[in-house]
Amino acid sequence: MNINLVTSNQGKVEELTSILEPFGHNASQLDISCPEIQASTLEEVVDFGLEWLHNQGTKSPLVIDDAGVFVDELKGFPGVYSRYVYDTISPKGLLKQMEGIENRAASFKCVLGLLLEDGSTHKFVGECNGNIIHEIRGDGGFGYDPIFIPDGSDRTFAELLPEEKNEISHRGRAMKNLLAFVSEKGL
């Protein structure tokens with residue numbers, strides 16, 4: 001199956017493509033300016049995006065993604081606002097906000113939305129728990145990867161090889177759920 005990935009984020013394209021291709025699926029990037037609403041959950045953002053893309057007649061099947069890092073001691077912030085926070089204060093700014101905070105527990109969450117040719121929509125969630133460290137480490141990945149260490153590791157997402165990250169990351173887990181659905185439906 002050829003799946004169109006609706007994102008302008010090249011890092012997401014690379015991650016999703018590397019997960020899809022071994023399963024015989026081709027991925028193509030659709031760099032469409034899909035409006036992103038301000039909402040309280042990632043699911044709401046994805047629902048809006050799927051509906052908007054469907055109403056635009058965007059070629060499907062397609063996948064849209066929204067993800068965020070949720071810091072426990074900041075009551076889930078930046079969460080659904082992760083992109084805005086990244087663009088305005090960057091991971092360094094988030095680290096500054098966390099100065100003096102001992103509990104550094106956080107989770108990454110990803111919601112993938114799938115729009116099929118028949119107009120049906122499906123959502124797939126993946127989460128990865130870990131901790132926000134005190135400094136930026138690693139050259140790989142993108143976004144908050146250099147400040148997040150997943151549980152069970154001593155390396156940040158930015159220090160892991162792409163295939164290692166895809167195995168345990170929020171996006172990798174969401175994509176595994178999507179792939180299981182596609183396989184089960186014979187798509």
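The values are calculated or read from the model by the stated rules, or taken from the named source; none is laboratory data. Keep in mind that what you see is a predicted model, and the values were worked out from it rather than measured. FYI the Cβ positions are ideal-geometry reconstructions off the backbone, even for glycines, and counts take in every protein chain you see. We work out accessible area using only protein heavy atoms, side chains counted, and drop any ligands, DNA or RNA first. Shrake-Rupley method; radii C 1.70, N 1.55, O 1.52, S 1.80 Å.
For the reader, a short list of remarks on this structure follows.
- Accessible area per residue in Å² at 1.4 Å probe, computed on the chain: 50 Å²
- Given charges at beta-carbon only (K, R positive; D, E negative), |dipole| of the stretch 18-68 in Debye: 240 debye
- Only the Cβ atoms of Lys and Arg (+1) and of Asp and Glu (-1) were treated as charged; on that basis the dipole of the chain about its Cα centre amounts to roughly 80 debye.
- The chain, helix-only ellipticity at 222 nm - DSSP H runs n ≥ 4, -39,500 (n - 2.57), divided by all residues, nearest 500: -10500 deg cm²/dmol
- Among N26, N55, N166, residue whose mean-square fluctuation peaks in a GNM of the chain (springs only between Cα atoms under 10 Å): N55
- Here's the list of lysines a cross-link from K165 could span, going by alpha-carbon distance under 20 Å and ignoring same-chain residues fewer than 8 apart: K12, K109, K176.
- Seen through its C-alpha gyration tensor, with square-root eigenvalues sorted a ≥ b ≥ c, the chain comes out prolate because a/c lies at 1.5 or above while a/b is bigger than b/c.
- Segment M1-A39, extension gain: residue separation times 0.36 nm, minus the distance between their alpha carbons: 10.5 nm
- Between the beta carbons of E99 and E127, assuming R0 = 22 Å, the FRET efficiency works out to 0.25 to the nearest 0.05.
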